[in-house]
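Colleague: Sending over a structure as structure tokens; questions will come in a sec.
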Amino acid sequence: MSQRRLLVTSALPYVNADIHLGYMVEAIQTDIWVRFQRLRGALCVYVCADDTHGTATMIRARREGRTEEELIAEVHVAHEADLRDFDISLDNFGSTHSAECRSLCGEIWSRIREVGLVKSDRVRQLYDAEEGIFLADRFVRGTCPKCGAQDQPGDNCSKCGCTYSPAELVDPRSTLSGTVPEPRDADHLFIELEQFHEFLENWTQGSGALQDETANYLRGHFLGPPDQPEPLRDWDVSRPAPYFGFEIPDAPGNYWYVWFDAPIGYMASTQQWCDKHGENFDDWWRSDDCEIHHFIGKDITYFHTLFWPGMLSAAGFTLPAKVHVHGFLTIDGEKMSKSKGTYVKARAYLNHLNPAYLRYYYASKLSNRIDDFDLSLNEFVTKVNTDLVGKFVNLASRSAKFVAEIGLSAVYPEDGGLFAAAAATGDEIAEAYESCDTGRAMRLIMALADRANPFVEENKPWELRKDSERLSELQDVCTIALNLFRQLAIYLAPVLPRVAEQTGELLNSPITHWDQAKVPLTGTPVAKFRHMLKRVEEKDVRTMIEESREDTGDQGRGEGDDCRGETGDADPWNDSGDALAAEPLAPECNFDEFLKVDLRVARVVAAEHVSGARKLLKLRLSLGGGQYRQVFAGIKAAYEPDELVGRLVVCVANLTPRQMKFGLSEGMVVASGPGGSEVFVLSPDEGAVPGQRVH
RNA sequence: GGUCCGGUAGCUCAGUUGGUUAGAGCAGGGGACUCAUAAUCCCUUGGUCGGGGGUUCGAGUCCCUCCCGGACUACCA
């Protein structure tokens, strides 16, 4: 049988953010799969790269007063170190800002042109004259054209939920300069994706490259049912200057959109690896003998399952054999949050904890489905300590030292079928790994560990060693225990590469192939036992969380640093500038303008869930004296109705009433925060009474 | 609102094509052991498998319906 050839990728981390535990889900899932394939004898090349292009990079570099290249170089070192220290076995970690990438972009682009997929169209976008750039949706905020809610994002309103283009905003404002942007036209280049409709229908639904859930999602949201397909929208792939990226050769002054070159970064990284190893690029990207596997998060599904196969197909490259989509990580049941300390950077984890723990925990939680999964910190501690230390490593720990001087028996002794049974389970475990159902693989492996420990218990090596007549019996018992341990180490090698290595050293026989689990090891010397894994200390987990809470970070959004140097020396709190940066100050208003807004203290006298509403609570506010207001407030994710009843809040009492889907809303409850579960309703200090105006 | 995925012991989940008294790990209770990283082993408590209908000799497993949770998406089917 010829050797299986695999090219595997993880999605590209963006240069503007540090690597965090959410991204590590993907890196670890991919790495486990890659290591498994290599252990099975496949020729498996694993590449990734930094995603570097786009407006955000440009702006951040500008803010930090340096070139994009300097920024990229610095982040590249940090990202690579994070991944390496988590034992991610990348063959090459490249960059989309590389010569190889530029050249491949050009090659693919010219083919897409040749096939007649590109068209040009005028696009009206908001332009920030002060910064001199066109503004992506997220860099514009303003008043919702439908409901009048102020300071809404550029693409949709968080109050009424309607969607619009940034140009439709009333009173739009650039989040970069705070100035009023002006609409400007520019020519953009589009790829007519609809030309691929039939191809994509077949590929997504029939090729087996996608999980069923993904195939359904694409049909439901983009392709439409086969009998009445929906046209795919043209894909805008160019951006006018200035834009940090590659200039399009046949359209000077225009640059490829970051999502055009990002997946090409996979190829560019492969090219770099090929050049270093004397390999031929086409053997990996233009060969029926090579399977291409992409691992991605669910947020970027359609880039990888519609645009990307379209591009590949047009340019004559191999289509992905599989696109493995995984869900998101929550920590203790919640989305990662900086204020709660659950936005944990990879480096913060590494400063306190062993990567093996997280690799095992993720492995035990991941399946081949797209479900989100939770990193419960308590479960993390008990699972790692019970499974890895108590069951698995303990097997070696309690038997190796008895045979340190005599080594393993020359012939594998009778063990009641334990080794054979575990060997026979190997295929099932391999299937689970192959299909990315590592949770199942871990369960199967731990079930084997559960059978191995009673064996040691029953045969009591600690008693045998007291009797010099029974030395060979002792050796046999330990030979069995250590072989059962070694089987587990082989099965766990994709997840715990360091332990596999240590096992090889302990038993003087390196673990190099999955099938080693089928044949018992005999007659080798046994080295002095050394601890393979420490138990997780709960305090280390706590420290990591504490540290992440404090470390509000100066990275992330790219537009975060303009408040630097403004802090006075006498401010011991040293609050972060993130919140202010996320939402810059509104333009000045005079006192009369301020007086237009009538803020009043009000008491919540009733609060209830609204059937069918995702974000809203229905509140009844009392202004005193029998004056009531019905208000729908978007605070459902942050507050339970019961905890609000009786509270004093501040409401906008003279806001034009608005007819909402669930009834009339006669005001607003004042709150701060970015939204979602992070909403903080304001309360007056004690002594305030309903009806009082806020001046 | 639409689409999809779930709802099995306190917690995390297994339950293959419907087939005997529904399982594991953790946690809880009791005991044993002391080789081992306060590890291990044995025994044990605990579930009208979300509710209700139906198909069947037989349903956690199939069908219908409702309730709840989540993800995606949105007023456009």
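The values are calculated or read from the model by the stated rules, or taken from the named source; none is laboratory data. Since we're looking at a predicted model, the values are computed, not measured. No Cβ is skipped: glycine too gets one built from the backbone with ideal geometry, and neighbour counts run over all protein chains shown. Please note that ligands, DNA and RNA were not included when accessible areas were found on the heavy atoms of the full protein model with its side chains. Shrake-Rupley method; radii C 1.70, N 1.55, O 1.52, S 1.80 Å.
Colleague: What are the semi-axes of the equivalent ellipsoid of chain A, taken as the square roots of 5 times the eigenvalues of the Cα gyration tensor, listed largest first and rounded to whole Å? All intermediate terms of the calculation are to be shown ahead of the outcome.
Modeller: Numbers: eigenvalues 544, 245, 105 Å².
Ellipsoid half-lengths, sorted descending, are 52, 35, 23 Å.
Colleague: Please give me, ordered by residue number, the GluC sites (Glu not before Pro) of the stretch A:366-461 that lie in loop per DSSP and have at most 14 other Cβ atoms within 10 Å.
Modeller: Those that pass, being in a loop and sparsely packed, are A:Glu405, A:Glu414.
Colleague: Please figure out what share of the DSSP beta bridges in chain A is antiparallel and state it in percent, rounded to the nearest 5.
Modeller: 70
Colleague: If each residue of separation counts as 0.36 nm, what is the full-extension length gain between A:Lys401 and A:Asp121 once their alpha-carbon separation is subtracted?
Modeller: Details: separation 280, 0.36 × 280 = 100.80 nm, distance 7.44 nm.
Full extension of this stretch gives 93.4 nm more.
Colleague: Computing the accessible area with a 1.4 Å probe over protein heavy atoms, can you report the carbon and sulfur percentage for the stretch A:370-518?
Modeller: Values: 2940 of 6190 Å².
Carbon plus sulfur share of accessible area: 47 percent.
Colleague: Related question: When the gyration tensor of the stretch A:370-518 is built from Cα positions, what are the square roots of 5 times its three eigenvalues, in whole Å, from largest to smallest?
Modeller: Numbers: eigenvalues 164, 56, 37 Å².
Largest first, the stretch A:370-518 gives 29, 17, 14 Å.
Colleague: Averaged per residue, what accessible surface does chain A expose to a 1.4 Å probe, in Å²?
Modeller: Numbers: 31870 Å² over 695 residues.
The answer is 46 Å² per residue.
Colleague: Moving on to the next point. For A:Phe303 and A:Glu230, FRET efficiency with R0 = 25 Å and r from the beta-carbon atoms, rounded to 0.05?
Modeller: Approximately 0.85, to the nearest 0.05.
Colleague: So, one more: Determine Rg/Rh for the stretch A:116-240; Rg is computed over alpha-carbon atoms and Rh is the Kirkwood hydrodynamic estimate from the same atoms.
Modeller: Rg/Rh: 1.09.
Colleague: Now for a different question. Suppose every K and R has +1 on its Cβ and every D and E has -1 on its Cβ; what is the size of the dipole of the stretch A:24-182 about the Cα centre, in Debye to the nearest 20?
Modeller: 560
Colleague: Also, quick follow-up: Taking the 0 to 90 degree range and rounding to the nearest ten, how far is the long axis of helix A:497-506 tilted relative to the main principal axis of chain A, both from C-alpha atoms?
Modeller: Tilt of helix A:497-506: around 20 degrees.
Colleague: State the percentage of accessible surface on the stretch A:116-240 attributable to carbon and sulfur atoms; use a 1.4 Å probe and exclude ligands, DNA and RNA. Display every interim value, and only then the final one.
Modeller: Numbers: 2670 of 6120 Å².
The value for the stretch A:116-240 is 44 percent carbon and sulfur by accessible area.
Colleague: Between A:Glu469 and A:Gln205, what is the spin-label point distance in nm, taking each point 7 Å from the Cα along the Cα→C-beta axis?
Modeller: 7.8
Colleague: Rounded to whole Å, give me the distance from the Cα center of the stretch A:420-477 to that of the stretch A:179-250.
Modeller: For the stretch A:420-477 versus the stretch A:179-250, the Cα centre distance is 52 Å.
Colleague: Please determine, in degrees from 0 to 90 and to the nearest 10, the orientation of helix A:438-459 with respect to the longest principal axis defined by the Cα atoms of chain A, where the helix direction is its Cα long axis.
Modeller: So the inclination is approximately 40 degrees.
Colleague: Report the calculated FRET efficiency for A:His695 and A:Ala421 (r = Cβ-Cβ distance, R0 = 56 Å), to the nearest 0.05. Before the final figure, lay out the partial values.
Modeller: Numbers: r = 79 Å, r/R0 = 1.41.
With a Förster radius of 56 Å, E is 0.10.
Colleague: Report the calculated FRET efficiency for A:Thr512 and A:Ala241 (r = Cβ-Cβ distance, R0 = 51 Å), to the nearest 0.05. Show your work: numbers first, answer last.
Modeller: Values: r = 53 Å, r/R0 = 1.03.
Calculated value: 0.45.
Colleague: On average over all directions, what projected area in square nanometres does the stretch A:1-155 have, based on the convex hull of its Cα atoms?
Modeller: If you wrap the Cα atoms of the stretch A:1-155 in a convex hull and average its projections, you get 14.5 nm².
Colleague: Separate question: At 37 °C and 0.692 mPa s, what whole-number value in µm²/s does Stokes-Einstein give for the translational diffusion of the stretch A:211-254, with Rh from the Kirkwood sum over Cα pairs?
Modeller: Values: Rh = 13.3 Å.
Answer from the Stokes-Einstein relation: 247 µm²/s.
Colleague: Heavy atoms only, 1.4 Å probe, whole protein assembly: order A:Met532, A:Met668 by accessible area, highest first.
Modeller: Order by accessible area, largest first: A:Met668, A:Met532.
Colleague: Moving on. Report the extension gain between A:Ala136 and A:Arg111 in nm, rounded to one decimal, defined as 0.36 nm multiplied by the number of residues separating them, less their alpha carbon distance.
Modeller: So the extension gain works out to 6.2 nm.
Colleague: What is the distance, in nm, between label points placed 7 Å from the Cα along the Cα-to-Cβ direction at A:Val77 and at A:Ser435?
Modeller: So the label points at A:Val77 and A:Ser435 sit 4.6 nm apart.
Colleague: May I pose another question? I'm a student and want to see the number: the projected area of the Cα convex hull of the stretch A:263-400, averaged over all directions, in nm².
Modeller: Working: hull surface 49.6 nm².
Mean projected area of the Cα convex hull: 12.4 nm².
Colleague: Under a crude label model (7 Å from the Cα following the beta-carbon direction), how far is A:Arg84 from A:Phe680 in nanometres?
Modeller: 4.0
Colleague: In degrees, nearest 10, range 0 to 90: what is the angle between the Cα axis of helix A:471-492 and the longest Cα principal axis of chain A?
Modeller: So the helix axis and the longest Cα principal axis differ by about 30 degrees.
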